[in-house]
Amino acid sequence: MVLFQIFVVTYTEEAFFRGVLAERLRAVPSAAIFSIFHLTAYSVAGGLNFGAFFTAFVFGLLFAIIYFATKERAGIGATWGLHAAWNLALLFA
């Protein structure tokens with residue numbers, strides 16, 4: 001489960017949301033799409049999880065800003081590491 005989170009989930013999300021969407025749409029639209037994805041991913045039967053939506057928007061925006069600030073040196077590596085750390089913290093919380 002941990003290896004799947006690190007090497008599949010977070011890498012795939014960063015490659016798509018930062019490497020593709022943020023490059024084409026910029027920071028705010030890509031963060032909005034990232035948060036919509038997480039709204040549906042983290043909602044449970046009985047209602048939508050708007051806390052996850054807001055948190056994902058803030059993190060999506062921060063990750064996009066960090067991506068643009070570090071992409072020449074790190075590509076998606078910096079945001080991939082941060083995203084993996086966040087997901088692992090949630091997994092073990």
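The values are calculated or read from the model by the stated rules, or taken from the named source; none is laboratory data. Source: prediction; values computed, not measured. Note that we place each Cβ from the backbone using ideal geometry, even for glycine, and neighbour counts take in every protein chain shown. Remember, those area values only see protein heavy atoms, side chains included, never the ligands or the DNA or RNA. Shrake-Rupley method; radii C 1.70, N 1.55, O 1.52, S 1.80 Å.
Residues are listed down the side, and each one gets a yes or a no for (1) surrounded by 12 or more Cβ atoms within 10 Å (Cβ to Cβ); (2) among the aromatic types (Phe, Trp, Tyr):
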| residue | (1), (2) |
| --- | --- |
| Thr10 | yes, no |
| His38 | yes, no |
| Ala45 | no, no |
| Ala52 | yes, no |
| Tyr67 | yes, yes |
| Gly77 | yes, no |
| Ala89 | no, no |
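Hey, can you tell me all the residues within region 66-93 that are over 12 Å from the mean Cα position of the chain (by Cα) and not hydrophobic (A, V, I, L, M, F, W, C)?
Within region 66-93, Thr70, Lys71, Glu72, Arg73, Gly75, Gly77 qualify.
Collect the residues in region 9-66 that are polar (S, T, N, Q) and closer than 13 Å to Asn87 by Cβ, keeping them in residue-number order.
Thr10, Thr12, Thr55
Considering each residue of region 19-32, count those that are under 17 Å from Thr55 (Cβ atoms) and crowded, with 18+ Cβ neighbours inside 10 Å, and give that number.
3
Return yes when Glu14 is in contact with a His (Cβ under 6 Å, 6 or more places away or on another chain) and at pLDDT 95 or above and no when it is not.
yes
Within the set of pairs 6 or more residues apart or between chains, which connect a residue that is free of Cβ contacts under 8 Å to residues at least 24 places away in the same chain inside region 45-74 to a residue that is open to solvent by 70 Å² or more (accessible area, probe 1.4 Å) with Cβ atoms less than 6 Å apart?
These pairs meet every condition: Asn49/Tyr42; Ala52/Tyr42.
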